[in-house]
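Structure first, then comments.
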Amino acid sequence: MKSTKQILTDPLSDDNPITVQMLGICSALAVTSSMKPAVVMSIAVVAVMCFSSTVISLIRKIIPFKIRIIVQMLVIASAVTMVEFVLKALDYDAYRLLSVFVALIVTNCIVMGRTEGFALANPPVPAFLDALGNALGYSIILIIVASLREILGAGEWYGISLFGENYPGNGLAALPVGAFIIIGLIIWVQRSLPKNKELIEETN
């Protein structure tokens, strides 16, 4: 059984949902063209995951096993709807830009995976920490990829010019394939670390 600290911190690196579990890669490719959509998506995922896992954990003992997936989907969809309403009210431009992707959080493998794989079997506090850790791990990768794509692609970071108006930009970084290459490089670097090499060798 993992300690409380491990539940929260493991997904940040050693068990990262994108680079280790290989979940949520599609959304990482779609919303990381620049920092703002990546940050908004990260906040949305954190909110949805923490709410969903906590609620599922609280009602886990009364959920009939045969309809548990339906109940989880309803809870997640409710959380996504609330996030959409808040985003629409606070930042309509961001809502228009990300409305499709925020709605698709309902089908995000990370969210469903943590409610099914952890929240259903654990008390609310560990379930909340597990959701928070995985959501932050997901967000860290989004922010790194978005930062590199915006800097390389447009010479900017969060809309702030870094290299001046004459920077030609890198077209590859601006395309989804650029995100795919960057994520691949992050996975390669992470798995090349000595401690991760040992884990991979033990698994094989």
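The values are calculated or read from the model by the stated rules, or taken from the named source; none is laboratory data. Remember, it's a predicted structure, so these values are computed and weren't measured experimentally. FYI the Cβ positions are ideal-geometry reconstructions off the backbone, even for glycines, and counts take in every protein chain you see.
Assorted remarks:
- Some residue of region 148-162 being among the polar types (S, T, N, Q) and surrounded by 16 or more Cβ atoms within 10 Å (Cβ to Cβ): no
- Enumeration of residues in region 1-51 that are of a type in the set (Lys, Arg) and either in contact (Cβ under 8 Å) with a residue 40 or more places away in the chain or in contact with a strand residue (DSSP E or B) (Cβ under 8 Å, 6 or more places away or on another chain) (or both): Lys36
- Residue, surrounded by the most Cβ atoms within 10 Å (Cβ to Cβ), within region 163-187, restricted to residues that are in contact (Cβ under 8 Å) with a residue 60 or more places away in the chain and of a type outside the set (Val, Ile, Thr): Ala179
- Residue within region 86-93 that is modelled with pLDDT of 90 or more, surrounded by fewer than 19 Cβ atoms within 10 Å (Cβ to Cβ) and touching a helix residue (DSSP H, G or I) at 6+ places or on another chain (Cβ under 7 Å) present: no
- Count of residues meeting criterion [surrounded by fewer than 18 Cβ atoms within 10 Å (Cβ to Cβ) and of a type in the set (D, E, K, R)] in region 1-47: 4
- Taking the criterion of being closer than 24 Å to Ile105 by Cα and of a type in the set (Ser, Thr, Tyr), the residues of region 135-185 that qualify are Tyr138, Ser139, Ser147, Tyr158.
- Looking across Ala135, Ala127, Ala131, one residue alone is modelled with pLDDT of 90 or more, over 15 Å from the mean Cα position of the chain (by Cα) and within 28 Å of Ile7 (Cα to Cα). It is Ala127.
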